[in-house]
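S.K.: Please find one structure pasted underneath; my questions will follow.
The values are calculated or read from the model by the stated rules, or taken from the named source; none is laboratory data. Note that the coordinates shown come from a computational prediction; the quantities given were computed from them, not determined experimentally. Positions of Cβ are backbone-derived with ideal geometry, glycine not excepted, and every protein chain shown enters the neighbour counts. For the accessible areas, the whole protein counts, side chains as well, though only heavy atoms, and no ligand, DNA or RNA atoms are used. Shrake-Rupley method; radii C 1.70, N 1.55, O 1.52, S 1.80 Å.
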Amino acid sequence: MKLLLPSFISAAIDDDGFLFRGLHWLEGDEDALLLLWKMWVVVRRAVVAPVLRVVTVLCMIMSVMLVLEFVWMGAVSLGVKLLRRRPEKRYKWEVFKEQDEDVELGTLVYPMVLVQIPMFNEKEVYKLSIGAACGLEWPPDRIIIQVLDDSTDPIIKALVELECKAWASKGRNIKYEVRNNRKGYKAGALREGMGYSYVNQCDFVAIFDADFQPEPNFLMRAMPFLVNNPKIALVQARWDFVNIDECLMTRIQKMSLDYHFKVEQESGSSAFAFFGFNGTAGIWRIAAINEVGGWKDRTTVEDMDLAVRASLKGWEFLYVGDLKVKSELPCNFKTYRHQQHRWTCGPANLFRKMAKDIVMAKEVSLWKKFFMVYSFFFVRKIISPIVTFFLYSVVIPASVMVPEVSIPTWVVVYIPTTISLLNAIRNPRSIHLMPLWILFENVMSMHRMKSMMIGLFEVGSVNEWVVTEKLGDALSATPEIHLLEKPPNKFRERLNFSELGFAVFLLFAATYDLAFGLNLYCIYIYLQAIAFLVVGFGMVGKHVSNS
């Protein structure tokens, strides 16, 4: 029996061009399926299309903001490189006098330095970090190594303490400190570590996470900047990585982090003498830490929190790009995802807490306030995850099913190409991995956007802190390169349902575009769907058995 359709539905479907023609195989009486299709057309035109247009315009605006930020930062960092504005040229830097050149002062020409190593159940790497810290070239009577052990495993605690005693027997001034709770996590440990009486002897504190291994000359190269330039509060070194070729995921991480250090940190240091402290591989002036109230645990980015507060007091920061410290990249996807949650949620939450303080600060210039609020926080920490996820993983796929909405070519092609090329310039050896980097970053943008929203609105797991798992020497036991992760034995454990669910949406959108022949977006959408499936089935990174 032929169904009677309201006149406005019939009019809508008669004007619908491609959709009606696409259903030419539905001949004869109009059945329920065709009725649903026609009703979708009405809803699409009346509700979906207007909403999608608004979202598209917002994404276009945010895309322009993002690409301008990339271009501006890239220009600054390129200018620093072309003009060879090395830190030694911009700031006073003098080699420390040898002890025998000044008999009267002796080792007093070297400032007293505290080296802090916070750790939590770091069975695989505790020897590496402690050994590297104890191997630093610095007069033994002018350095204190402080191991802040929050481990909950009694066996690991005993091993770390034994390692500290072994170095103490070799003449190293090393302190093994524990506390009876983990309040404040890393920030709490660092805050309590600064409270010991022997710390009053020190003027500077170097911080290294448990997997970081500074070269012996680290202090000799970094300390002259702080000693000879009293306005500098922080000297940040660049991270280097010991497991770049462990798997495809570690190679992709290196590409992202290289851009962060070579462009973001370099441009912030050169243009504004401000950037976010990376939490490790850096040296702080203790007076600056004390002036701004010490370490706070109100967010999961205590390092950035301290940096912002110090900057608002007029302190300057220096990034030294050719001073590198070895560390380890997460090679397990779930470990990496936890890390990215902390790195994305924390800054958004800190922006919520400190935006007003930055605007009202009296000791920094208006230009620096603008940089911190707009560039450092708003564009990089808020806009970036939103536009990356919504535009490339939601709006573009959805637009193939809503012909009333068209996205300009410059948004779909030119802007992402520009951003990719700016990243590729800083990673010429990895340019062949750029397509995979784009697809993987789009998958991660879903998690980053969720984490950003959690932090910005201070809900859910805003204070979640999962320590990044390190493998240390276990990496050398399996030197073969893995492009895909060998998943756990239990099928359920390897699944990531959010990625799988989103892959279904992308596959539907790509197939829809392919069937009705609107444009060639289906090529990109299929590739992105495959990326979500690969991650969803746990086939990215490297799985290491707990045994």
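S.K.: Exactly one condition in (1) open to solvent by 20 Å² or more (accessible area, probe 1.4 Å); (2) closer than 20 Å to Ile530 by Cβ; (3) in contact (Cβ under 8 Å) with a residue 40 or more places away in the chain is false for Met444; which is it?
M.R.: Of (1) open to solvent by 20 Å² or more (accessible area, probe 1.4 Å); (2) closer than 20 Å to Ile530 by Cβ; (3) in contact (Cβ under 8 Å) with a residue 40 or more places away in the chain, only one is false for Met444: (1).
S.K.: From the list Asn200, Asn229, Asn173, which one is within 21 Å of Asn290 (Cβ to Cβ) and free of Cβ contacts under 8 Å to residues at least 60 places away in the same chain?
M.R.: Step by step, each of Asn200, Asn229, Asn173 is checked, and only Asn200 is within 21 Å of Asn290 (Cβ to Cβ) and free of Cβ contacts under 8 Å to residues at least 60 places away in the same chain.
S.K.: For the range 1-15, indicate whether the set of residues that are surrounded by 16 or more Cβ atoms within 10 Å (Cβ to Cβ), modelled with pLDDT of 50 or more and of a type outside the set (S, T, N, Q) is non-empty.
M.R.: Checked the range 1-15: no residue is surrounded by 16 or more Cβ atoms within 10 Å (Cβ to Cβ), modelled with pLDDT of 50 or more and of a type outside the set (S, T, N, Q).
S.K.: Output the residues belonging to the range 378-397 that are more than 15 Å from Met304 (Cβ to Cβ) and open to solvent by 20 Å² or more (accessible area, probe 1.4 Å).
M.R.: Hits for the range 378-397 are Ser384, Ile386, Thr388, Phe390, Tyr392, Val394.
Yes/no matrix, rows are residues, columns are (1) of a type in the set (Val, Ile, Thr); (2) at pLDDT 90 or above; (3) under 30 Å from Pro403 (Cβ atoms); (4) in contact with a Pro (Cβ under 7 Å, 6 or more places away or on another chain):
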site	(1), (2), (3), (4)
Val467	yes, no, no, no
Leu471	no, no, no, no
Pro488	no, no, no, no
Val504	yes, yes, yes, no
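S.K.: Please pick out the residue among Lys324, Lys334 that is open to solvent by 30 Å² or more (accessible area, probe 1.4 Å) and assigned to a strand (DSSP E or B).
M.R.: Lys324 is the lone residue from the list that is open to solvent by 30 Å² or more (accessible area, probe 1.4 Å) and assigned to a strand (DSSP E or B).
S.K.: Would you check which residues across the range 352-377 are among the small types (Gly, Ala, Ser), part of a helix (DSSP H, G or I) and surrounded by 15 or more Cβ atoms within 10 Å (Cβ to Cβ) and list them?
M.R.: Ser375 - this is the single residue of the range 352-377 that is among the small types (Gly, Ala, Ser), part of a helix (DSSP H, G or I) and surrounded by 15 or more Cβ atoms within 10 Å (Cβ to Cβ).
S.K.: Sticking with this structure for a sec: Open to solvent by 70 Å² or more (accessible area, probe 1.4 Å) and modelled with pLDDT of 85 or more: is that true of Ile523 in this structure?
M.R.: Answer is yes for this residue.
S.K.: To continue, here is another question. Filter the range 400-411 for residues that are assigned to a helix (DSSP H, G or I) and open to solvent by 10 Å² or more (accessible area, probe 1.4 Å); which is modelled with the lowest pLDDT?
M.R.: Only one residue tops the list, namely Thr409.
S.K.: While we're here: Whether any residue in the range 295-315 is at positive phi and open to solvent by 10 Å² or more (accessible area, probe 1.4 Å) is what I want to check.
M.R.: Yes; the residues of the range 295-315 include at least one that is at positive phi and open to solvent by 10 Å² or more (accessible area, probe 1.4 Å).
S.K.: Does any residue of the range 168-178 turn out to be out of contact with any Lys or Arg (no Cβ under 7 Å at 6 or more places or on another chain), in a helix (DSSP H, G or I) and at pLDDT 95 or above?
M.R.: Yes, the conditions are met somewhere in the range 168-178.
S.K.: Test of understanding: among Ile252, Ile283, which residue is aliphatic (A, V, I, L, M) and more than 20 Å from the chain's Cα centre (by Cα)?
M.R.: Unique residue meeting the criteria: Ile283.
S.K.: What's the number of the condition Lys186 fails, among (1) out of contact with any strand residue (DSSP E or B) (no Cβ under 7 Å at 6 or more places or on another chain); (2) over 23 Å from Ala222 (Cα atoms); (3) buried (at least 18 other Cβ atoms within 10 Å of the Cβ)?
M.R.: Status for Lys186: all satisfied but (1).
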